[in-house]
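Peer 1: Below is the structure I would like to discuss, written out as structure tokens.
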Amino acid sequence: MRLRFLKPYLGRVIAGFCFSALILLTTTARADNAAFDLIGPKFQVHVQREGVTVPIAEVPNLQPGDRLWVHPDLPDSQSVHYLMVVVFLRGATNPPPESWFTRAETWTKPVHEEGIFVTVPTDADQAVVLLAPETGGAFSTLRSAVRGKPGAFVRAAQDLQQLSLDRSRLEAYLEAVRETSVVDPEQLKTRATMLARSLNIKLDQQCFDKPSAQQVPCLTQNTDQMVLDDQHSQNMVATLTSGPSTDLLAQLSATPTARGGYYSAYVGAVVDAVRILSTAHTAQYQYIPALALPRKDDLNLRLNNPPSFRNPKSVLVIALPPVHAVVPPPLRTVDAAQVFCASKLDLVLPAEGAPLVFATELAHNFVLHVESKSGKGFDLPAHPDPALGGFVIETHTMEAKSLDGEASGILRGSWGFHSFEGPRFRLRTSQASQWVVASKDASALIIGREDTLHVQSPDACCVSEVLLENTYGKTVPVEWKAAKPYELELKVPLQNASAGSVQVLVKKFGLAEADKVSLHTYSEAARLDTFTVHAGDLNGILRGTRLDEVSKLELSGVTFTPENLSRDNQHDELKLVAHDATSGAKLKAGASVTAQVALKDGRTLDLSTAIAAPRPQLNLLSKSVQLDSSDSPPMIQLGNPDELPQDGRLNFFLKTQVPETFPPAERVEVATQDESFHVLLSEKDGNLTRQDSKTIFAMLDPMKLLGPSAFGPLKFRPVSPDGVEGDWQLLANLVRMPDLKEVRCTAPVKSAGRSPGAEKRPAREEGSTGENSKSEKNGGSENSLVSQKASEQSSAPEKSGVAESPSGPEKPIADKPCTLSGDKLFLIDAVSADPDFTNSVTVPDGFVEAALAIPAPKGKALYLKLRDDPGTVDTAVVPILTAQP
């Protein structure tokens, strides 16, 4: 029963709670919206100080003694009588005296037509205007509300003043973006970027990736999140409460909203003002903020909530400029080193750091005061343009002769009632001048492509256009930009140009004649990659492409000239040599220097080079050839100690010169002359053995390490542990030797020391009986069988000095009565019976037979020249067999 009785009551309580919550959410949502899109009444205000009257839009702050004229500009048809109360405040904990409240009945003729004057009292900190519907006791009610909670109105005045300044920046940005989209849409990105910098607005760069029709809506959406903090405007709002005026704004800015983002300072000011004023609500009145947007004498009010004319009636709270000392704008240049041309019409001087200068009328009466060398300055009119990112200077009134060389200009203006000085700018006027091509670009113009060229002149800031003129007088435009205060960066189009002379025409503001810069274009230049040179060396390797164009290279006072050019994998390697023997001492290891590479067409290219450590160096102390002791004595005795038989082993000693001791990981490379066969000897492989820290014993087995096809001069060089190679040095001459078997002769062999009548002895093979051997021991030089049928050979064709073509086994002929047999006879270059080779046989190329017709030996020895070393005469001792005639 009791529950049944309470049901209707509980239903009404719950419904009332839901309705109250709905109203609260609606109010909060409206406050958070920060739209202020309702047009409110308009006021006219100006301020008089020391006899000077200034419109309210140009007043950043009030001071005690200022005389304010306040005129409510309400329509004649206004049906609700508004009571206007001008109140001065002096802090959150110090209620203002009653004399600081001035009432005005707006419906009366004097107020409606003339307005009222009020004077800022001493010790006042802020001023607000309250506009309330008249109820009979409205003035006393409003006065009691302000005196009862002065802090609420102090905070509201601060927030409304901050909100007004921020809203001015936002509206200036939105207005300029919309105007640019209509007048010059192609400049939208450039101007929007300048606007964002000038007004301190958050710019979404992704908007420019959208189609043109969608860019403006994108740039103007989420306006409550676009206004960034501005320290200057915050400093203009006096700190009258227990903490800085930004404390609550900072807290609100970090509060997540229902959309998952964060309040901007702009939104925070709105929410703060609404919540603070809500604490002063009574049953008769509620206080709502009114945003004042000044324009000349007018204060245009914007409301965030519609006013109510039923209890609780709405009281509009309007903030006037705070009462404190002047805070001038912190205007600064974007680039203090930049030089500007005073000859340019509508010159723009970039500036930033003070958004209120570009968004409001607080700063006004700007001029650029130019100081000339004569000491007498002059002023040029100036005005801020946020879309251009700075101040537009009207230079058409200035004569070119006003400046001589570089001058300084300072931006001057008024901030409220006070003058202030802004940043300084460097200025020049257009004059004919010489242009210097940067040294690094002296040879940069290569035909067939676009090249970058840097030219320098004191008047670079006054350039209006750059053209390229060829030898036929045809001109093409050149893309350019000011890279430095006195330097231009040119993109010279040479795609269709030919090598030769060209001119760059540099036009300047205010001058009819262009400056001319004579240049030379070249064909594709050599590309320099690296130059490798070691300390102490007289040669180095230059790597790159088109190195055939190099005429010389200079490095640390040493001149290198080309010696040998090689090409591999589309890259050139050019060996350069210094012919001065003392040059190597000038190259210090580890030094980083710049090499000047001169080309044959007159150009000079720079190449950064580091001089490497000295290359390893070894000296050959001694060497010897060792043959296998298990073999029979060799038939061929080599006639040059530098010759190394292929089946022999070369032992040699080396001594290190660089470095001082032989590193354990250093190796010795041995190769043939053309380096087609090579081997690395190392301690690890057992081919190198230390005698001491400087001396190394090396062994080379050519057949094993180089293979059967290696021959000719052998050379060696050291290779350091990190792969740096020393110079080649001659080691030996590797020769391959034939395997000789015997010599058979068909004619008497006249042997030295033979006794008379020896030819009449019975014919028998040499060494066939012991008697024969005995005869030799008794003084016979040799026992031979001589054929007496030499006439059988006389009919054979005679080819003096050359063996027969290898169409079959060699047969003796008249002047070559003997035949040399053996294996690999093609390794012989020539055979002779005497060391002077007066009667010799040359072995033809491609000889494959096992027998060779040769002249009869004059003794036990033959004389050979091996194919691998034809300059050396070697001796061969082979068995000589003779047949009985």
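The values are calculated or read from the model by the stated rules, or taken from the named source; none is laboratory data. Computed from a predicted structure; not experimentally measured. Ideal geometry is used to build each Cβ from the backbone, glycine not excepted, and the neighbour counts take in all protein chains shown. Only protein heavy atoms, including side chains, enter the accessible area calculation; ligands, DNA and RNA are left aside. Shrake-Rupley method; radii C 1.70, N 1.55, O 1.52, S 1.80 Å.
Peer 1: Under 7 Å between Cβ atoms, at least 6 apart or on separate chains: pull out the pairs that start in the stretch 479-508 with a residue that is closer than 19 Å to Gly448 by Cβ and assigned to a loop (DSSP other than H, G, I, E, B) and end on any residue that is open to solvent by less than 40 Å² (accessible area, probe 1.4 Å) and of a type outside the set (A, V, I, L, M, F, W, C).
Peer 2: Leu494/Asp451; Leu494/Thr521; Ala497/Thr521; Ala499/Thr521; Ala499/Tyr522
Peer 1: Return the only residue of Pro329, Pro350 being assigned to a loop (DSSP other than H, G, I, E, B), touching a residue at least 40 places away in the same chain (Cβ under 8 Å) and not basic (Lys, Arg). Break it down into steps so the answer makes sense when it comes.
Peer 2: Details: Pro350 fails: assigned to a loop (DSSP other than H, G, I, E, B).
Residue meeting the stated conditions: Pro329.
Peer 1: Oh, and also: Quickly run through the stretch 164-189 and pick out the residues that are farther than 16 Å from Gln214 by Cα and either in contact (Cβ under 8 Å) with a residue 24 or more places away in the chain or touching a helix residue (DSSP H, G or I) at 6+ places or on another chain (Cβ under 9 Å) (or both).
Peer 2: So the first thing to find is which residues in the stretch 164-189 are farther than 16 Å from Gln214 by Cα, and the list is 164-173, 175-176, 183.
Within the stretch 164-189, Ser164, Leu165, Asp166, Arg167, Ser168, Arg169, Leu170, Glu171, Ala172, Tyr173, Ala176 qualify.
Peer 1: Condition first: more than 36 Å from the chain's Cα centre (by Cα) and within 19 Å of Val506 (Cβ to Cβ). Can you find one or more residues in the stretch 402-421 that meet it? Steps first, answer last, please.
Peer 2: Looking only at the stretch 402-421, we keep the residues that are more than 36 Å from the chain's Cα centre (by Cα), and these are 402-404, 410-421.
Imposing the further condition that a residue be within 19 Å of Val506 (Cβ to Cβ) reduces the set to none.
Scanning the stretch 402-421, I find no residue that is more than 36 Å from the chain's Cα centre (by Cα) and within 19 Å of Val506 (Cβ to Cβ), so the answer is no.
Peer 1: So which of Gln225, Gln221, Gln214, Gln205 ends up being exposed (fewer than 13 other Cβ atoms within 10 Å of the Cβ), modelled with pLDDT under 90 and under 29 Å from Ala363 (Cα atoms)?
Peer 2: Gln221
Peer 1: Among the strands (runs of 3 or more DSSP E) confined wholly to the stretch 578-665, which include 1 or more residues that are touching a Pro at 6+ places or on another chain (Cβ under 8 Å)?
Peer 2: On the way: elements: 592-599, 604-610, 617-626, 643-645, 649-658.
The qualifying strands (runs of 3 or more DSSP E) are 617-626, 643-645, 649-658.
Let's see how each residue does on (1) closer than 20 Å to Lys481 by Cβ; (2) within 41 Å of the chain's Cα centre (by Cα); (3) hydrophobic (A, V, I, L, M, F, W, C):
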{"site": "Pro322", "(1), (2), (3)": "no, no, no"}
{"site": "Val327", "(1), (2), (3)": "no, no, yes"}
{"site": "Leu331", "(1), (2), (3)": "no, yes, yes"}
{"site": "Asp335", "(1), (2), (3)": "yes, yes, no"}
{"site": "Cys341", "(1), (2), (3)": "yes, yes, yes"}
{"site": "Asp346", "(1), (2), (3)": "yes, yes, no"}
{"site": "Phe358", "(1), (2), (3)": "no, yes, yes"}
{"site": "Leu362", "(1), (2), (3)": "no, no, yes"}
{"site": "Val367", "(1), (2), (3)": "no, no, yes"}
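Peer 1: Of the residues Asp642, Asp674, Asp647, which single one is surrounded by fewer than 19 Cβ atoms within 10 Å (Cβ to Cβ), of a type outside the set (Ser, Thr, Tyr) and in contact with a helix residue (DSSP H, G or I) (Cβ under 7 Å, 6 or more places away or on another chain)? Please lay out each step first, then the result.
Peer 2: On the way: Asp642 fails: in contact with a helix residue (DSSP H, G or I) (Cβ under 7 Å, 6 or more places away or on another chain); Asp674 fails: in contact with a helix residue (DSSP H, G or I) (Cβ under 7 Å, 6 or more places away or on another chain).
Just a single option satisfies the conditions, and that option is Asp647.
Peer 1: Now a separate question. When the stretch 403-424 is examined, which residues are found to be within 21 Å of Arg49 (Cα to Cα) and in a loop (DSSP other than H, G, I, E, B)?
Peer 2: Result: Gly416, Phe417.
Peer 1: So which residues in the stretch 425-444 are within 30 Å of Gly602 (Cα to Cα) and either open to solvent by 80 Å² or more (accessible area, probe 1.4 Å) or outside any loop (DSSP other than H, G, I, E, B) (or both)?
Peer 2: Correct list: Ala432, Gln434, Val436, Val437, Ser439, Lys440, Asp441.
Peer 1: Val323 - would you say it is β-branched (Val, Ile, Thr) and surrounded by fewer than 18 Cβ atoms within 10 Å (Cβ to Cβ)?
Peer 2: Here the answer is no, as Val323 does not meet what is asked.
Peer 1: Still on this structure, I have one more. In the stretch 445-452, is there at least one residue being of a type in the set (D, E, K, R), assigned to a loop (DSSP other than H, G, I, E, B), open to solvent by 10 Å² or more (accessible area, probe 1.4 Å) and over 30 Å from Pro329 (Cβ atoms)?
Peer 2: Looking for residues that are of a type in the set (D, E, K, R), assigned to a loop (DSSP other than H, G, I, E, B), open to solvent by 10 Å² or more (accessible area, probe 1.4 Å) and over 30 Å from Pro329 (Cβ atoms), one finds at least one in the stretch 445-452, hence yes.
Peer 1: Further question on the same structure: Return the residues of the stretch 509-541 that are touching a residue at least 60 places away in the same chain (Cβ under 8 Å) and in a strand (DSSP E or B); say none if nothing qualifies. Talk me through it step by step, then tell me what you get.
Peer 2: Quick first cut of the stretch 509-541, residues touching a residue at least 60 places away in the same chain (Cβ under 8 Å) only: 509-511, 513, 515, 517, 519-526, 528, 530-537.
Answer for the stretch 509-541, where residues must be touching a residue at least 60 places away in the same chain (Cβ under 8 Å) and in a strand (DSSP E or B): Asp515, Val517, Leu519, His520, Thr521, Tyr522, Leu528, Thr530, Phe531, Thr532, Val533, His534.
Peer 1: Also, quick follow-up: Any chance the stretch 670-678 includes a residue that's touching an Asp or Glu at 6+ places or on another chain (Cβ under 9 Å) and of a type in the set (A, V, I, L, M, F, W, C)?
Peer 2: No, because not a single residue in the stretch 670-678 is touching an Asp or Glu at 6+ places or on another chain (Cβ under 9 Å) and of a type in the set (A, V, I, L, M, F, W, C).
Peer 1: Which numbered condition trips up Gly726, out of (1) at pLDDT 95 or above; (2) over 26 Å from Pro870 (Cβ atoms); (3) open to solvent by less than 30 Å² (accessible area, probe 1.4 Å)?
Peer 2: Of (1) at pLDDT 95 or above; (2) over 26 Å from Pro870 (Cβ atoms); (3) open to solvent by less than 30 Å² (accessible area, probe 1.4 Å), only one is false for Gly726: (1).
One line per residue, one yes/no per condition, for (1) in contact with an Asp or Glu (Cβ under 8 Å, 6 or more places away or on another chain); (2) not hydrophobic (A, V, I, L, M, F, W, C):
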{"position": "Met398", "(1), (2)": "no, no"}
{"position": "Ser408", "(1), (2)": "yes, yes"}
{"position": "His418", "(1), (2)": "no, yes"}
{"position": "Val436", "(1), (2)": "no, no"}
{"position": "Glu465", "(1), (2)": "no, yes"}
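Peer 1: Moving on. Looking at Val466, is it farther than 29 Å from Ala598 by Cβ and part of a strand (DSSP E or B)?
Peer 2: yes
Peer 1: Is it true that Lys484 is under 19 Å from Cys462 (Cα atoms), open to solvent by 60 Å² or more (accessible area, probe 1.4 Å) and within 25 Å of the chain's Cα centre (by Cα)?
Peer 2: yes
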